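Only the coordinates and a few stated rules stand behind these numbers; no lab work does. Every value quoted in this text rests on a predicted model; they were computed, and no experiment measured them. Virtual Cβ from ideal backbone geometry, glycine too; neighbours counted across all protein chains shown.
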Amino acid sequence: MEGGKVLKIVTYNVNGLRQRISQFSSLLKLLDSFDADIICFQETKLRREELTSDVVMADGYESFFSCTRTRDKGRTGYSGVATFCRCKSAFSSTEVALPIAAEEGFSGLVDRSRLVEGLKEFDKDELIKLDSEGRCIITDHGHFVLFNIYGPRAECDDTERIRFKFNFYITLQKRWENLLDQGRRVFVVGDFNIAPSAMDRCEASADFEKNEFRMWFRSLLLQSGGRFSDVFRDKHSNREDAYTCWPSSTGAEQFNYGSRIDHILCAGSCIHEVVEDQQGQAHNFISCHVQECDILTEYKRWKPGNTARWKGGLDIKLVGSDHAPVYATLLDIPDIYQHSTPSLSSRYLPMIRGLQQTLVSVLTKRESSTQSQSCNIYSSSSDGKARVVEGCSQDEENEKKSRKEKKSRKGLGVQLSLRSFFQTSSKLVNVSGSSSTDVDLDQNQSSETPSNNQHGSPNPDELKLSARTHDREDGKSSNALLEWQRIQQHMQNSIPLCKGHKEPCVARIVKKSGPTFGHRFYVCARGEGPSSNPEANCGYFKWASSKSRQK
């Protein structure tokens, strides 16, 4: 074990990978911000055809994606996971971070028709359905197999999704147990959409831990006779208020009113391959190889110092995901045998390989264009004499002329717009016998400066007519403004004050399907927080109209 290395794993529900890339200005900067060897993203919200180089390729990283394949309503362009592995070479490496094998999904049916061992008792069509939402990427790193998962979310009254979620986890568990029975070590990281215990949820109800998914989660753990360790809880057994996700629409981050649903689990023997040392101390993976596991709260959207909504901070846009990343640092991880990146790597995607070919063709065209620019092109001038155009082709010369003409026309359009204020009077002058039929603009003369030209000066009668017209238009504008101000005042007066703070509420709309779908209601404007905190949301609720009240 001498010479073992440090390995850092990060899991992060990004709530849209493109949004996080935009937040950090590039994929490379996003990845480098973690300073990690293996970075697992969930909820990438990318379809396979959207896997372009700017979201999958970064210098020094290999990536592996799983995207949703279902066409079910509301599920397209949803979900998705990606694992990025930092490595020095993608083609000949002994680094643990670079996987020796990779697999999309967990059934073996996504990219091939061979069902993996241990899942033959399950219905094949059901397995295909479970794997169709892009919720799992598996990478084999020699010393361990890493599952990057995005667990399904299921409302308490949605029996179909509850069944889907239950089947998803039971099937995954079979796959994990099969690998453990083969003597492999297993890491499972990601957004489980499960808070294991009351300690992991703000103000959990009395029957919180009786939920079937929480009971299943706890059954996996060593404390309950299972085979996995909840790495964060093993390192911080009594830490409270340690949350990784906060509701995005309630301002809950300010009061840390959230839940811990992003996890790192591990199972399997210690790499030392001994049961206990000479002092009789037991060896296990957590005590020997896990240095730390914690939540990267600096990635939270709400930052200290942000003005609260009810104190005038309505315009503050919270940047980032509604989740915080979780990391684990592993110690004494030795190198593995020399290998290359698996074929599932994004560098081998047809659209990425095609892009590389396109770049070559672009460079070829650019070289050809450079050569043509270096030639002297002869063209005929207006006087019939030949002239030499240095450094550009005939097409480029024509293009330059075209751009100049467009620019000239654009400038003329702007000038005409300035004189359009006097368009009515100019027409009247022309009708009364002026010999000028076109508007002649002097570029050196401001349109606001009176001209000595009699054709450009309106007579007093025309000015009176124009003034009356403007008065009517101004009157209409004033009436419209007054009406809008009246409506705004009425709306302001109709907004109720919350009972807890006597502050104006905010209006919201019911988005969940049901008898009240689309109806408006008012709630306290403050962020959601513990009921013991008087600064937090007071829980006030009122329907916007009596028609919206639930029966």
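Secondary structure note: in the stretch 126-273, about 70% of the DSSP beta bridges are antiparallel. The slack in the chain from Ser92 to Met199, taken as 0.36 nm per residue of separation less the alpha-carbon distance, amounts to 34.0 nm. In the stretch 493-537, which trypsin sites (Lys or Arg not before Pro) are in a loop and have at most 16 other Cβ atoms within 10 Å, using DSSP for the loop call? Of the trypsin sites (Lys or Arg not before Pro), the ones in loops of the stretch 493-537 whose Cβ has at most 16 other Cβ atoms within 10 Å are Lys499, Lys502, Lys511, Lys512. Placing pseudo-labels 7 Å out from each Cα toward the beta carbon at Ala101 and Val319 gives an inter-label distance of 4.3 nm. Whole-Hz Karplus values for the stretch 190-200 come out as x, 8, 7, 6, 9, 9, x, 9, 4, 5, 9 Hz, taken residue by residue from phi with 6.51 cos²θ - 1.76 cosθ + 1.60 and θ = phi - 60°; glycine and proline positions read x.
Annotation: extensible slack from Ser269 through Leu28 equals 83.3 nm (criterion: 0.36 nm per residue apart, minus Cα-Cα distance).
For the stretch 21-167, what class follows from the C-alpha gyration tensor (a ≥ b ≥ c being the square roots of its eigenvalues): rounded when a/c is under 1.5, otherwise prolate if a/b is larger than b/c, else oblate? Verdict is oblate for the stretch 21-167. Is the C-alpha gyration tensor of the stretch 132-221 telling us rounded, prolate or oblate? Criteria: a/c under 1.5 is rounded; beyond that, a/b larger than b/c is prolate, otherwise oblate. Here the stretch 132-221 falls in the prolate category.
Across the stretch 331-337, rounded Karplus estimates of 3J(HN,Hα) from the backbone phi angles (6.51 cos²θ - 1.76 cosθ + 1.60, θ = phi - 60°) give 10, 6, 9, x, 5, 10, 5 Hz, Gly and Pro being marked x. Separation of the alpha carbons by more than 29 angstrom is noted, of Lys88/Lys129; Lys311/Lys542; Lys129/Lys300, for Lys88/Lys129; Lys129/Lys300.
For the stretch 13-105, just say rounded, prolate or oblate: build the C-alpha gyration tensor, square-root its eigenvalues into a ≥ b ≥ c, call rounded for a/c under 1.5, and beyond that prolate if a/b exceeds b/c, oblate if not. Taking the square roots of the gyration eigenvalues as a ≥ b ≥ c, the stretch 13-105 is oblate.
Remark on Trp543: its backbone amide H falls under 5 Å from those of Tyr522, a criterion applied only to residues 5 or more positions apart or on other chains, H modelled at 1.01 Å from N. Taken one residue at a time, the phi angles of the stretch 210-224 give Karplus couplings (6.51, -1.76, 1.60, θ = phi - 60°) of 7, 4, 4, 6, 5, 5, 5, 4, 5, 5, 6, 7, 4, 4, 10 Hz. Gly and Pro are set to x.
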